[in-house]
Amino acid sequence: ERHCDELDSRETDQLKQALGVGTIGRRPRNVEAAVKELEREQRLRRTRVQRDSIDRALVDVMALYRDVLVLQLGASTELVNGHIRPSIDRLAQASSPESTVRRMEAVVAAREALEANAAPLLALEAMALALRRLELDTTTVRYTSASTAHLWVESPTDRIGSARGGVL
């Protein structure tokens, strides 16, 4: 954010100088409109930078859960976050592959919400609540129906469908 503040200030000063603000003589027309347009573009850039930063962090969280899942499934794939192997081992031992996949789905849902222009704080809060709910729920679900689908981060009936519901 500090980077955006410095860039915004520099751009505003350069625009005003280019338009002749501060020089002796008559003030140029449309200075306010040009500055206002620049400020609008700066707000859009600041929002994009914020959303991109959050998305990068969520991708890192996905990589962590991917590593946990690799260990849980015993796959012979290199870990993305090998430098934190002890933490990944603890997470892998403390949960099942199914719960790890559900956690990954919660992170994906947050990324999709951000992409759909949801408020960043709201998307992250929803993800945090979903992760907490998954942490507290140790139930393994093998069959779902429309009557229980609302209890999940995403509808399990959307994945493998039939007239009676989805199978996990």
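The values are calculated or read from the model by the stated rules, or taken from the named source; none is laboratory data. Because the structure is predicted, anything quoted here is derived from the model rather than measured. For neighbour counting, all protein chains shown are included, and Cβ atoms are generated from backbone atoms with ideal geometry for every residue, glycine included. To get the accessible areas, we keep the full protein, side chains included, count just its heavy atoms, and leave off ligands, DNA and RNA. Shrake-Rupley method; radii C 1.70, N 1.55, O 1.52, S 1.80 Å.
So here's what we get for this one:
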{"read-out": "Index of the failed condition, Gln50 passing every other in (1) over 30 Å from Asp137 (Cα atoms); (2) touching a residue at least 40 places away in the same chain (Cβ under 8 Å); (3) open to solvent by less than 80 Å² (accessible area, probe 1.4 Å)", "value": "(3)"}
{"read-out": "Those residues of the range 33-52 which are under 16 Å from the mean Cα position of the chain (by Cα) and among the polar types (S, T, N, Q), in sequence order", "value": "Thr47, Gln50"}
{"read-out": "In the range 88-101, residue nearest to Ala130 (Cα to Cα) [restricted to those that are assigned to a helix (DSSP H, G or I) and open to solvent by 30 Å² or more (accessible area, probe 1.4 Å)]", "value": "Val101"}
{"read-out": "Selection within the range 102-121 - open to solvent by 70 Å² or more (accessible area, probe 1.4 Å) and outside any helix (DSSP H, G or I)", "value": "Ala116, Asn117"}
{"read-out": "Residue check for Ser76: buried (at least 16 other Cβ atoms within 10 Å of the Cβ) and either of a type in the set (Val, Ile, Thr) or modelled with pLDDT under 95 (or both)", "value": "no"}
{"read-out": "Scan of the range 53-66 for residues that are under 8 Å from the mean Cα position of the chain (by Cα) and open to solvent by 40 Å² or more (accessible area, probe 1.4 Å), ordered by number", "value": "Asp55, Arg56, Ala57, Val59"}
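Yes or no, residue by residue, for (1) small (Gly, Ala, Ser); (2) within 27 Å of Asp8 (Cβ to Cβ); (3) modelled with pLDDT of 90 or more; (4) not in a helix (DSSP H, G or I):
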site: Thr47; (1), (2), (3), (4): no, yes, no, no
site: Asp52; (1), (2), (3), (4): no, yes, yes, no
site: Ala57; (1), (2), (3), (4): yes, yes, yes, no
site: Asp60; (1), (2), (3), (4): no, no, yes, no
site: Ala63; (1), (2), (3), (4): yes, no, yes, no
site: Val70; (1), (2), (3), (4): no, no, yes, no
site: Val80; (1), (2), (3), (4): no, no, yes, yes
